[in-house]
Amino acid sequence: YIAAVYEHESILSPNPKALVDRQSALELMGRNLDIYEQQAVAAARQGAQIIVFPEDGIHGFNFTRSSIYPYLDFALHSQSVKWNPCREPYLFNDTEVLQRLSCMALKNKIFLVANLGTKQPCEHIDPHCPSDGRYQFNTNVAFNADGMLVATYRKHNLYFEYAFDTPPEPDYKVFDTPFAGKFGMFTCFDILFFEPAVNLIRKYNLKQVVYPTAWMNQLPLLSAVEFQQAFATAFNINILAANIHHPTLGMTGSGIYTPVKSFVYHNMESYGGKLIVAEIPVITTDHETNLEKTPCSVSEKGNEQLLPVFYSEMMYDNFTFVPVWGEKGELQVCANTLCCYLNYQRAGLTDELYALGVFDGLHTVHGTYYVQACALVKCGGLNFSTCGEEVTHATALIDFQLWGNMSTRYIFPLLLTSGITLDFADHMGWKNNHYFISKNRTSSGLLTAALYGRWYEKD
């Protein structure tokens with residue numbers, strides 16, 4: 001099927017904390033919706049059957065609970081009411097944004113997914129009801145090609161979004177399409193947690209996911225395109241990911257991902273939005289990663305290395321590292337219960353320092369979640385203290401096999417090369433209770449090769 005995602009440079013309120021009236025809010029949102037409209041037309045012209053827009057793309061961000069109120073549409077979160085906002089605008093008040101999105105889908109005969117802020121009055125007998133008598137949700141909506149509202153999803157894992165409430169229960173939202181079957185949806189930070197993202201995929205055996213996001217890139221392990229790709233690979237699904245474009249805030253990175261091929265956009269240099277349209281296969285079956293032809297013999301090696309072990313902070317976590325010196329070698333490094341192993345061969349030596357790092361513990365900055373990671377990274381300089389820094393360019397071409405005795409089944413294989421471009425591993429999967437990833441000669445200089453494990457039970 002043909003899918004489209006739009007990375008949107010949103011027109012932002014100059015002062016999001018100021019209180020404005022509904023009319024002014026609609027005016028600002030209207031300017032963003034005008035751009036959405038042009039992109040929906042452009043996508044439909046290229047044959048797209050579905051288009052996805054980013055999180056916060058219509059209203060922006062950095063609001064307070066009260067300053068966002070005029071920007072909120074009323075949304076029913078019940079599945080029982082069938083409603084076409086474009087054709088039945090009179091059913092509910094304060095639904096101007098929903099109406100415009102619905103009409104866009106209808107006019108262009110395209111499935112459309114967007115993110116907006118919604119409000120829902122609640123009674124004080126509801127124990128979860130906020131003191132001001134209303135819920136405010138960060139909400140994704142999906143419309144079918146007739147403009148019918150077919151799904152609403154309320155973001156569960158909020159990322160310092162004080163304007164919004166967490167829904168009392170996780171939403172598991174799917175909608176059906178004639179061209180690719182069922183799609184599931186979740187938002188941004190949700191992708192790092194079991195609820196609802198992983199559970200949704202398992203529950204409905206999903207093969208397609210739409211994913212609006214407003215993601216701030218964090219190298220070496222959590223740049224948007226890098227993790228979106230890893231997620232598609234780990235679950236053997238297609239992901240349509242639309243991010244916001246604000247390079248000054250570190251926000252860029254959208255794509256249409258399949259487990260074996262990706263169409264991505266990552267641009268920290270220039271401004272303006274970007275439409276990606278791609279034809280991708282409908283995934284129907286579960287193909288298990290083929291582990292038979294793996295050159296990787298996973299043996300517990302004797303400790304023949306006499307390399308210095310050092311500690312350095314990476315992504316706010318205290319990693320244990322060993323340097324990757326020389327043209328080739330076999331290394332191991334351990335922390336807690338996790339040991340990481342690396343066989344490597346460099347195509348000639350460059351004056352770049354690489355290191356093999358391990359972390360097995362609770363990540364506690366900007367969210368709390370348990371990580372098991374084995375990471376081969378390029379350091380920022382030649383000092384050990386630079387290992388773990390954000391690096392965007394590298395020249396070393398490296399053949400490697402990386403493996404670890406992970407305690408969780410949920411492993412996201414990361415492979416990032418110079419200029420924040422994606423590469424694909426030759427082989428990956430489980431063997432003898434170890435997860436491994438291998439690659440003969442990266443396509444360009446290696447930035448990161450890592451196994452990013454999420455041990456959800458220990459969150």
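The values are calculated or read from the model by the stated rules, or taken from the named source; none is laboratory data. Because the structure is a prediction, the values reported are computed rather than measured. Ideal geometry is used to build each Cβ from the backbone, glycine not excepted, and the neighbour counts take in all protein chains shown. Only protein heavy atoms, including side chains, enter the accessible area calculation; ligands, DNA and RNA are left aside. Shrake-Rupley method; radii C 1.70, N 1.55, O 1.52, S 1.80 Å.
Quick rundown of the values:
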quantity	calculated
Near pairs, Cβ below 7 angstrom, 6+ apart or cross-chain, from the stretch 8-24 (among the hydrophobic types (A, V, I, L, M, F, W, C)) to any residue that is open to solvent by 90 Å² or more (accessible area, probe 1.4 Å)	Ile11/Arg31
Residues of the stretch 231-267 that turn out to be open to solvent by less than 20 Å² (accessible area, probe 1.4 Å), closer than 26 Å to Tyr204 by Cβ and aliphatic (A, V, I, L, M), as a count	7
The stretch 7-18, residues that are in contact with a Leu (Cβ under 7 Å, 6 or more places away or on another chain) and open to solvent by less than 10 Å² (accessible area, probe 1.4 Å)	none
Hits in the stretch 33-83 (condition: touching a helix residue (DSSP H, G or I) at 6+ places or on another chain (Cβ under 6 Å) and among the polar types (S, T, N, Q))	none
Criterion (within 22 Å of Gln136 (Cα to Cα), assigned by the TED database to the domain that holds Asn157 and open to solvent by 10 Å² or more (accessible area, probe 1.4 Å)) met by exactly one of Leu28, Leu33	Leu28
Selection count where residues are open to solvent by less than 50 Å² (accessible area, probe 1.4 Å) and touching a residue at least 60 places away in the same chain (Cβ under 8 Å), scope the stretch 131-144	7
Tally, over the stretch 1-40, of residues that are among the acidic types (Asp, Glu) and in a helix (DSSP H, G or I)	3
Tyr69 being open to solvent by less than 10 Å² (accessible area, probe 1.4 Å) and among the aromatic types (Phe, Trp, Tyr)	no
The stretch 170-228 - residue that is open to solvent by less than 10 Å² (accessible area, probe 1.4 Å) and of a type in the set (Phe, Trp, Tyr) and, of those, nearest to Arg454 (Cα to Cα)	Phe227
